[in-house]
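Comments concern the structure below.
The values are calculated or read from the model by the stated rules, or taken from the named source; none is laboratory data. If you're wondering where the values come from, they're calculated on a predicted model, not measured in any experiment. Note that each Cβ is placed from the backbone with ideal geometry, even for glycine, and that neighbours are counted across all protein chains shown. Each accessible area value is taken on the protein alone, full model and side chains, heavy atoms only, with ligands, DNA and RNA left out. Shrake-Rupley method; radii C 1.70, N 1.55, O 1.52, S 1.80 Å.
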Amino acid sequence: MQQRRLSRRRARSPVITIAALTAGLLSATMQAEAGDGPFVWNATKTGDTLKVRPGVALTVPGNLRLGLESALIAADPSGARTKTAPLAVWSEMDLPGRQAASTLGMRLDPHSGAGRAVLRQARNVSAGTNVDLSLVNAFEAGQRINGRSAFVARQELRLEFSDIGAALAGTAVLDNAAPAHASIKVEQQLPLGINLSATVSDLRTRPNAVFRAGLSGRW
C-alpha cells in the first residue's frame, strides 16, 4: 500500500511528460542520418538562445512535415533563464507547382495563443551564363503575442555571379505593425575561404551600413 501511494504522489506533470516526449524525439532524430528515415531536424543558435525544431515527415501528398519547436536560453550565474517549457507546434507542406516551389506553413504557441500561417514561393531562374536569379515571396497572417493581428509581406531577390564568386541580394518587408523595411547586401568570396559582405539597411528612413568579414574552411 505504501508503494502505491508513493507512485501516485510522483505522477508526472504535463510539462514533464511533454519534455520527456521531446527528449525522446530529439535522441531519435540525432541518431537518424539525412534520408535515413522520416525524422527531420533543424537547430540554430543565436547568442545564448538555442532554437530546435524536431519533427517527422509523413509519406502523404504534399510531403507533410510537422513537429515541435523549442527555444532554450542558456543559464547565467544568476540561475536558469528558461522557466517554462517553450514549446510550439509547427507544420509545413508542399503545394503543387512546376515553375516555382511553394510551401504552406503554420505555427502555434499554445502558451501565448500566438499563431501564424505562412505562404512561401521560391523560384530560380538562369539569367545568363554564370548568373543565377532567385526570387522568394512570402506572406504571413495570424495573431501576435499581444493578441493583435499580424500581416507581413516579404520579398527577397538574389543575383549570384558564380564566375567571380559574388552575389547581390535585396529584401523588402511590409508589416502592419512596423514601418516598411528594405535592405541591400553585397557578398564576395575570396581565396583561402575569406568571405566579405556589406549590408545597407533601413533605406527608407536612416540608411545603416554594416560590413562583415569571415573565414571558413573544411578539414
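At-a-glance table
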| read-out | value |
| --- | --- |
| Residue match in the range 203-213 (condition: surrounded by 13 or more Cβ atoms within 10 Å (Cβ to Cβ), of a type outside the set (Ser, Thr, Tyr), out of contact with any Leu (no Cβ under 9 Å at 6 or more places or on another chain) and at pLDDT below 90) | yes |
| Residue check for Arg123: part of a strand (DSSP E or B) and crowded, with 16+ Cβ neighbours inside 10 Å | no |
| Residues being open to solvent by 50 Å² or more (accessible area, probe 1.4 Å) and within 24 Å of Arg212 (Cβ to Cβ) - total across the range 136-148 | 0 |
| Check on Ala166, of a type in the set (A, V, I, L, M, F, W, C), surrounded by 15 or more Cβ atoms within 10 Å (Cβ to Cβ) and out of contact with any Ser or Thr (no Cβ under 6 Å at 6 or more places or on another chain) | no |
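Here is a yes/no grid of residues against (1) within 26 Å of Phe39 (Cβ to Cβ); (2) of a type outside the set (D, E, K, R); (3) loosely packed, with under 14 Cβ neighbours inside 10 Å:
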{"position": "Thr59", "(1), (2), (3)": "yes, yes, yes"}
{"position": "Leu64", "(1), (2), (3)": "yes, yes, no"}
{"position": "Met93", "(1), (2), (3)": "yes, yes, no"}
{"position": "Ala150", "(1), (2), (3)": "no, yes, no"}
